[in-house]
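Student: Below you will find the structure I want to go over with you.
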Amino acid sequence: MATESVIFRASRLTRGNFWFPAEVEVSPTSVTLRKRRLIGKKEESIHIAHIASIKIDTHIFFSDVYIESSGGENPEVCHGHTKGEAVEMKELIEQYQTAYYKKT
């Protein structure tokens, strides 16, 4: 299992990602979603222990990843990842959660 963070960058060919593609950084302790703008950026981080579920919605070319926190708010949505990236992201988060709960 990797101990460093992995960054998944959305395709520029999908909605909302043409100028500034969104990034999802998965690390052993958290998942961070970054959406850059012309001025500033929006960044949301969820601790690995507070991720309740991950849903992958696959379309013809790209997939959407929904990351829901245990806080019950609306899930974070990441548009424009390939199916392989979406599955890899989900598996990596599940591996980090398993490792986290084995330690505690």
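What follows draws every value from the coordinates through simple rules; no lab data is involved. Remember, predicted model here, so these are calculated numbers, not experimental data. All Cβ positions, even for glycine, are placed from backbone atoms using ideal geometry, and neighbour counts span all protein chains on display.
Student: Could you list all residues from the range 86-104 that are surrounded by fewer than 17 Cβ atoms within 10 Å (Cβ to Cβ) and aliphatic (A, V, I, L, M)?
Tutor: Passing the criteria: 87, 99.
Student: Shifting gears a bit: So which residues in the range 86-100 are hydroxyl-bearing (Ser, Thr, Tyr) and free of Cβ contacts under 8 Å to residues at least 40 places away in the same chain, if there are any at all? Break it down stepwise before answering.
Tutor: The initial filter retains those residues of the range 86-100 that are hydroxyl-bearing (Ser, Thr, Tyr), namely 96, 98, 100.
Within the range 86-100, 98 is the sole residue that qualifies.
Student: Quick check on my filter: what residues within the range 1-34 are closer than 23 Å to residue 62 by Cα, surrounded by fewer than 17 Cβ atoms within 10 Å (Cβ to Cβ) and of a type in the set (D, E, K, R)?
Tutor: Within the range 1-34, 9, 12, 15, 25 meet the criteria.
Student: When you go through (1) within 23 Å of residue 11 (Cβ to Cβ); (2) touching a Ser or Thr at 6+ places or on another chain (Cβ under 8 Å); (3) not in a strand (DSSP E or B) one by one for residue 28, which number turns out not to apply?
Tutor: Failing condition for residue 28: (1).
Student: Quick one: would you say residue 56 is within 13 Å of the chain's Cα centre (by Cα), under 21 Å from residue 13 (Cβ atoms) and β-branched (Val, Ile, Thr)? Show your work before the answer.
Tutor: On the way: within 13 Å of the chain's Cα centre (by Cα): yes; under 21 Å from residue 13 (Cβ atoms): yes; β-branched (Val, Ile, Thr): yes.
Here the answer is yes, as residue 56 does meet what is asked.
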